[in-house]
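Reading through the structure tokens given below for one structure.
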Amino acid sequence: MTTLRLLVASIALATVAACSQPQPVATTPRPVLAQVVQASTSGLGNLYSGEVRARRETDLAFRVGGKLVARHVDVGSRVTRGTVLARLDPQDAKLAVDAARSQLAAAEADHSLARAELERYRQLFAQSFVSQAVLDARLTTFNATKAKLEQARAQLETARNQSAYTTLTADADGVITAVSAELGQVVAAGQPIVRLARPEEREVVINVPESRLAELRETSQVLVALWTQPQRPYRGEVREISPTADPVTRTFTVKVSVPDADASVRLGMTANVIVGGSGHGAVVTLPLSALDHSGGSARVWIVDRDTRKATPRPVAIGAYREDGVTVRSGVSAGDVVITAGVHKLLAGEVVRLAPEVERAMGLAARTVNPVTATGG
């Protein structure tokens, strides 16, 4: 009986031990930041980031001072030549015009009287009733009233101009890029009110270190690529290089005109200027955070499209630039490269990609053959 009890207890203990063993826990894929590689047409030239601006920008201001009572435009407003932009309080200018008009009327009356008296004294002088001195005095009075009449007319014209200056109009077609005054503000003559850009000629303004100025002066190959359309470069021409360096950054301002700019090149957009590049061939640019040097050489982590496993792959570095680093070999268009946290990855580890990267992979799959775009 005792033996039977021991056997039953042993079987129960074994059953309990088997049930208490921990179940295997499924590994959660590590979320990572990644991007689908796209080949750039920027060649191997030096790249500078800049801003699209109009070649001709003008600060428009009133030619007289006063209180701003109306402003008809805001930043981004498109205007044509003659469009009213703003108005000052015209009351004082109108009073000045009225005063000048009254002075002109008085001068005309004095001049008419002097002319009539001169004619009478000429007749008296012809009859020898007055002397030459008296006639000369009347002639002098006539000339003085004539000069005062001309002065009054000029003052009236000036007053009318001053009154017209209380209305600010556009002197050319363009777009308003800045507003510097608000309603109710008292402005001085010449104080900027709005900035008008004429978009028919556009250029990109960049800052270049002094070590690269010689390259800019000598090169004939300049390309401009919008940040939103990196695959569509425009031809650029170096139009102006500042003769002095910025006192803070110690860089030189360079203006690159875009002769073939179309409607896609809008004012204020970010653009890259590529100097000395061929403009042909596929050059891959990756963020610096995508590089991993823990293996003794430069490498990146590639995500397999089917299994979502991360695998390190050696790469050949081209040049370090403002927008990242160029890769001469090792990756190609369509590869999915992890761009952050590469030092924590393990070979063969399953990762989870962001939804926007998944969508980009789907788009790239239609144009890139995964078999020929392995980069190996």
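The values are calculated or read from the model by the stated rules, or taken from the named source; none is laboratory data. As the structure is a computational prediction, the values presented were derived from the model and not from experiment. Every residue, glycine among them, receives a Cβ derived from its backbone with ideal geometry; neighbour counts consider all protein chains shown.
Couple of notes before you dig in:
- When the stretch 165-183 is filtered for residues that are part of a loop (DSSP other than H, G, I, E, B) and either of a type in the set (S, T, N, Q) or within 13 Å of residue 79 (Cβ to Cβ) (or both), the ones remaining, listed by number, are 166, 170, 171, 172, 173, 180.
- Unmet requirement for residue 166, which otherwise passes all of (1) under 18 Å from residue 94 (Cα atoms); (2) loosely packed, with under 14 Cβ neighbours inside 10 Å; (3) of a type in the set (Val, Ile, Thr): (2)
- Selection status of residue 137, more than 29 Å from residue 66 (Cβ to Cβ) and modelled with pLDDT of 95 or more: no
- Entirely in the stretch 200-268, the strands (runs of 3 or more DSSP E) that have 1 or more residues that are under 15 Å from the mean Cα position of the chain (by Cα) and among the β-branched types (Val, Ile, Thr): 222-226, 251-257
- Within the stretch 269-279, the set of residues being part of a strand (DSSP E or B), of a type in the set (A, V, I, L, M, F, W, C) and within 19 Å of residue 55 (Cβ to Cβ) comprises 271, 273.
- Scanning the stretch 217-255 for residues that are touching a Phe, Trp or Tyr at 6+ places or on another chain (Cβ under 9 Å) and over 24 Å from residue 178 (Cβ atoms) yields 223, 225, 241, 243, 244, 245.
- Members of the stretch 306-330 found to be within 32 Å of the chain's Cα centre (by Cα) and part of a strand (DSSP E or B), listed by number: 317, 318, 319, 320, 321, 324, 325, 326, 327, 328
- Total residues in the stretch 332-353, condition modelled with pLDDT under 85 and more than 14 Å from residue 293 (Cα to Cα): 3
- Of the candidates 188, 159, 245, 181, the single residue that is touching a Ser or Thr at 6+ places or on another chain (Cβ under 9 Å) and modelled with pLDDT of 90 or more is 245.
- Out of 101, 115, 198, sole residue that is of a type in the set (Lys, Arg) and modelled with pLDDT under 90: 198
- No other residue among 123, 91 is modelled with pLDDT under 95 and either of a type in the set (A, V, I, L, M, F, W, C) or under 30 Å from residue 58 (Cα atoms) (or both) apart from 91.
- Residue 250, sole failed condition from (1) of a type outside the set (S, T, N, Q); (2) crowded, with 16+ Cβ neighbours inside 10 Å; (3) on the phi > 0 side of the Ramachandran plot: (2)
- Summed over the stretch 60-88, the residues that are in contact with a Leu (Cβ under 8 Å, 6 or more places away or on another chain), assigned to a strand (DSSP E or B) and of a type outside the set (Val, Ile, Thr) give a count of 11.
- Residues in the stretch 254-270 that are under 23 Å from residue 319 (Cα atoms) and either surrounded by fewer than 18 Cβ atoms within 10 Å (Cβ to Cβ) or modelled with pLDDT under 90 (or both): 270 alone.
- Test: residue in the stretch 331-350 that is in contact (Cβ under 8 Å) with a residue 12 or more places away in the chain, touching a Phe, Trp or Tyr at 6+ places or on another chain (Cβ under 6 Å), under 15 Å from residue 34 (Cβ atoms) and in a strand (DSSP E or B): yes
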